[in-house]
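The values are calculated or read from the model by the stated rules, or taken from the named source; none is laboratory data. Quantities reported herein were computed from a predicted structural model and do not represent experimental measurements. Counting neighbours? That spans all protein chains shown, and the Cβs are built from the backbone with ideal geometry, glycine included. Surface areas here come from the heavy atoms of the whole protein model, side chains and all, with no ligands, DNA or RNA. Shrake-Rupley method; radii C 1.70, N 1.55, O 1.52, S 1.80 Å.
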Amino acid sequence: MSVAEKQNDLTTDVEQVAVDGEQDDQHEVFKTHVDGENYRTVSWYSSFALMFKVLFSVGVLSIPGVFAYVGALPGALLVIGWGLYNTYAAFILGAFRLRHPGMHGLQDMAYIVGGAWYRELVGILYVIGYTLVTGSGFIGTATAFNTLSEHGACTVWFSFVAFIISTAVASFPKFGQIGVVAWIGVVLLYIAVLILTIAVGVQDRPFLAPEGVTDYGYQVVASNTTFITGMSACLIIFVSSSGTSAFIPIIAEMKNPKEYKKPISAAMGLLNVTYLVVALVVYRYCGIYIASPALGSAGTLIKKLTYGIGLPGLLVSAILCQHLAAKYFFVRILRGTEHLQTKTKTHWITWLGSVTLIGIISFVVAEAIPFFSTLIGLVGALAYAPLAIIVPMTLWLYDFGEYRKGNLARRSLWAFHVLFIFIGLFMTVGGSYTMIQTIIDSYAAGTVDHAFSCADK
């Protein structure tokens, strides 16, 4: 082949790649070949930070405490099992999006599978879930402020400060603009968790253990687990890595959405290893004497140090969840119009109005409901179990329904996904019952505070 022929072949290949890229772009929600703002600016490693930070928040501070309900071995198996499942479910979502271009969120995928009613149901669950988790981030940030200031002000005021900061940062319309914030949150909260893990390992005894106590309650398998405590542990561990529905809007703003496997693999791998190591170490050295959140388990000095370092990380979680919930309304309202990527008056009113509305609702609900922490568990059962278990399984069955009549391997794979739909229903019903019973027991014990309380939630 002559040099000229090779050059012609190379030119043809480059032109074909360009054509393919334009064809892919036509199907995406956010276009790169249009007049207006380019939303597709997120690299795969920035996507990793965004995905990891959405999940890596209060969960890592809650899991060590629930090991006391079930013991070290069952707790570790739950972390590994749910971690592997949620990773697999995330890959199902990414692959479905690749096979069906143009998906911005889980609600779009639900529309393909079940029509308008399925889309609306999934959309409602998605918005409720991420709105309340935003409120949880406000509460976590207020707790950090309380610790550092030794309750220098009412918790409500600290939550309001968190609401103001979160709303301001979440108002940047593109994930690419808050990628740096996500990295800061990841690094600082990870450092805080590492300090806690090392501190509990080198201390003489658990800080919260009464004087004279030598048995700290560590058990390989807990001997007094009930359905309520076991289901609570299962639900909390599941929810801590179940926010994979947030990955789809992030992938929609990647420079190359086809690279979705890289950030998912990195985020879920690091997340699950961290959960497992931190939970096992903290539970091994503290036993049942673990603070909630766990940052207070190693003494006053370490508590202030870890909250001081991790405070931005707690706030960034609220920022990302507020942004995700607001982006749902923004895209739903402006999709297919020139206002989606053009900075018109309609564009800014819709976007800033969505961000502010989500922030206000999150703040009011978090402060007005006196059993908010338990409400988050209830939302985990009612929202995240369907979003992370039932919906991904229905997506897989939609694309591979013919496996039901295939060979033994294919029929087994089909049955596996059907089984997880029933597991999702069990988590939804069983988890809801557990959380409702917990709320009833709290009222009976008189431990429920009043609305807009100045105490830590």
**Study point:** Rg/Rg_ref, the range 167-207, where Rg_ref = 2.2 N^0.38 Å and atoms are Cα
**Key:** 1.78
Check your understanding: With respect to the cross-link table entries K53/K258; K53/K262; K261/K405, which display a Cα-Cα separation exceeding 23 Å?
Key -> K261/K405
**Study point:** Percent of C-alpha pairs per 10 Å bin, the range 209-269, short to long
**Key:** 16, 28, 21, 18, 13, 4
Exercise for review: Averaging sequence separations of C-alpha pairs under 8 Å and six or more residues apart, then dividing by the length of the range 268-367, give the relative contact order as a whole percent.
Suggested key: 17
Exercise for review: Please work out the average accessible area per residue across the range 58-212, using the 1.4 Å probe convention, and give it in Å².
Suggested key: 37
Point to revise | Debye intensity ratio I(q)/I(0), log10, the range 90-218, q values 0.10, 0.13 Å⁻¹ (C-alpha model) | key: -0.60, -0.87
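With every protein chain present, what is the per residue accessible area of the range 275-373 (1.4 Å probe, Å²)?
Details: 3690 Å² over 99 residues.
Result: 37 Å² per residue.
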Study note, to complete from the structure: Taking 42-55, 90-103, 147-160 and ranking on average Cβ neighbours within 10 Å, highest first, one gets 42-55, 90-103, 147-160
Practice item. Express the relative contact order of the range 187-290 as a whole percentage, based on alpha carbon pairs under 8 Å and six or more residues apart in sequence. Key: 61
Point to revise | Calculated SAXS-style log₁₀ I(q)/I(0) at q = 0.21 Å⁻¹ - the range 156-245, Debye, Cα scatterers | key: -1.19
Study note, to complete from the structure: A student asked for the Cα radius of gyration and Dmax of the range 80-125 in angstrom ought to give 11.8, 35
Study note, to complete from the structure: For E37, other-chain or 5+-apart residues with amide H closer than 5 Å (H placed, Pro excluded) are T342, K343
Revision key, fill the gap. Share of accessible surface on carbon and sulfur in the chain, whole %, 1.4 Å probe and ligands ignored, is 67
Check your understanding: Can you give the extra length, in nm with one decimal, that the chain gains between S223 and A444 once fully stretched, where that is 0.36 nm per residue apart less the Cα-Cα distance?
Key -> 77.0 nm
Revision key, fill the gap. Karplus-derived 3J(HN,Hα) from phi for the range 425-439 (6.51 cos²θ - 1.76 cosθ + 1.60, θ = phi - 60°), whole Hz, x at Gly and Pro, runs 5, 5, 5, 5, 6, x, x, 5, 4, 4, 5, 5, 5, 5, 5
Exercise for review: Can you sort I390, I288, I236 by 1.4 Å-probe accessible area, starting with the largest?
Suggested key: I288, I236, I390
Check your understanding: Which FRET efficiency value, to the nearest 0.05, is calculated for V213 and T337 with the Förster distance at 51 angstrom and r the Cβ-Cβ distance?
Key -> 0.20
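For the chain, how big is the tail of P(r) above 41 Å, as a whole percent of Cα pairs?
Across the chain, Cα pairs with separations above 41 Å total 19 percent.
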Practice item. Quickly estimate the mean residue ellipticity at 222 nm for the chain, helices only: each DSSP H run with n ≥ 4 gives -39500 (n - 2.57), and the total goes over all residues, rounded to 500. Key: -24500 deg cm²/dmol
Practice item. Could you tell me the distance between the Cα centroids of the range 101-151 and the range 418-457, to the nearest Å? Key: 18
Revision key, fill the gap. Relative contact order as a percentage, the chain, C-alpha pairs under 8 Å and 6+ apart, gives 30
